[in-house]
Amino acid sequence: MKLIQLKCTLIGSALTLSNLSNAQHHPAAILNDEKIRSYTQTFNHNDHTHFGQAISNKATADWLSKNIPRLDCPDKDIEEIYHFRWWTFRKHIKHTPDGFVITEFLPKVSWSGKHNTISCPASHHFREGRWLHNQKYLDDYAIFWFRKGGDPRRYSFWAADAIYHHALTSNDFSRAVNLLPDLISNYLAWEKTRLEPDGLFWQIDDRDGMELSIGGKQHRGQGKRATINSYMYGDAIAIAAIAKQASKHKISETFNNKAQKLKTLILNKLWDPKAKFFKVLPRGENKTLVNVRELHGFTPWYFNLPPKNKGFEAAWKQLTDPQGFSAPFGPTVAEQRHPDFSLSYSGHECQWNGPSWPFATSVTLTALANVLNNYPQETISKSDYFHALKTYTKSHRLTKKDGTTIPWIDENINPLTGDWISRTRLKSWKNGTWDKSKGGIERGKDYNHSTYCDLIITGLIGLRPRADNTVEINPLIPDNKWKYFCLDAIPYHGYSLTIIYDKTGKKYGLGSGLRILANGKVIASAQTIQRLTGTLPQKKKP
């Protein structure tokens, strides 16, 4: 009787009973799939090459309807790019004799490995793809890296952390536990090849995917960077957590100790107290930190590495400073006040000395969400997060020859003008014929080197995955910014979650305020947008 009454309240609201009946793939869903189909139709129409791998453009609307969390919000730019990034992500799902893999480039590029895979963005692939309902794609991908011919150390790759957070979302740790010996071997191999006598790891800026950086120029590309050291810290923490799940307590203790030792070294050796920023330390004895702040200095917060209330949060002032990293289509990858800051259209097409790179922006915004969730501080706010996310959203555009703009994601962007630098450069090579040896016309198009949807889910809407049966959300939407939003059909711990806010109660017809629903049942509510927790209902045994 109560269920009938609830459905009836939806009649005359923004959602009707006929709309609900269209939510065929997710019976507990509040939103139908009309937006998915409408956006997909537009994206397909704008796609000049119709390049597809495992999922064709024609099959995409049905596939997205089955697989992605559904979003409805008043900011149509965010809503559009959210759907666009899922549309591009599925392009990179590739079926191979070794199972499914996720690619970075659509065309074959010479610097890739088996099946055109590249380890550099692979952790981003796991963070993004963990929100798909069908998890076979990432299950296969995880196995590929360690047992089917993947090359996980060709570039920096925080593999254990990525696989652990994949498991944390589904609450299925069987794959992670199965891969535990491989993850340990991978970590030990990094120690063998990249560990310095002082206990820090070193990396070439190019092998971090950050070639021709200002810091790299000062130490011939080789340095003890906040990137690789934070990644190894994150992997040690993840291995310890996976080992605990497997009841391998000695292994867990060993890797927790490795993590704590590395954390101390990062704080003591890579933090510049004068500049209040994490920097690169060149290899060798009696070296000093480079004289430039680079965006990758925010990486330690991606793993919640810096301690609270010790002044490290002062680094975040640089994100909103126009002489630091703030720019109209930024953030920039190097501080703009530095004399070597450059936006070059000559030389190598991929330079990390000034442009904005979605890879680094993704790390920064994930790290910032951690700061706003886990660190008591007054340096940076939800409004700053929202502004940075909106800037990132605005960068997802390409202006065509006829003056129209379409959604777009590519390699590196001019942070002042919004021009995609590599695309502008590459189309002029070989007399405008698109050099096929560099990937041709598809090089960089629908580039899969970053996250966006995960930033919406875990940052803006604020679902914070955890290992227990508590659902925690903390939306980073500024006060009085939105009157409604709904993130629906979210796969989480074997449930389908809905996170919904309706200021008046008239938009969705479910009452006013903020709610968390699990399989259609309310498990937590509040009148305002705030941190909120609820307990997942215990599933009945068959």
By per-residue mean of other Cβ atoms within 10 Å, what is the highest-first order of 122-132, 224-234, 30-40?
-> 224-234, 122-132, 30-40
How about the range 343-434: which GluC sites (Glu not before Pro) there lie in a loop by DSSP and see at most 14 other Cβ atoms within 10 Å?
-> Glu378
Loop trypsin sites (Lys or Arg not before Pro), the range 512-542, which have at most 15 other Cβ atoms in a 10 Å radius of their Cβ (DSSP) | Arg531, Lys539, Lys540
Convex hull (Cα only) mean projected area of the range 452-521, reported in nm² to one decimal | 4.8
Just one of [x] 1.10; [y] 1.26; [z] 0.95 is Cα Rg over 2.2 N^0.38 Å as worked out from the coordinates here. Which one is it?
-> [z]
Counting only residues 5 or more places away or on other chains, whose amide H sits under 5 Å from the amide H of Thr96 once H atoms are built in the peptide plane?
-> Val101
Could you give the DSSP H helices of the chain that reach 24 angstrom or more along their long axis (alpha carbon positions) and whose average Kyte-Doolittle hydropathy is no lower than 0.5?
-> 226-245
With -39,500 (n - 2.57) per DSSP H segment of 4 or more residues and division by the full residue count of the chain, the 222 nm estimate, nearest 500 deg cm²/dmol, is -10500 deg cm²/dmol
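Read-outs throughout are calculated quantities, based only on the coordinates presented, and are distinct from any laboratory measurement. Here the structure is a predicted model, which is why all the values come from computation and not from measurement. Positions of Cβ are generated from backbone atoms using ideal geometry, with glycine treated the same way; all protein chains shown enter the neighbour counts.
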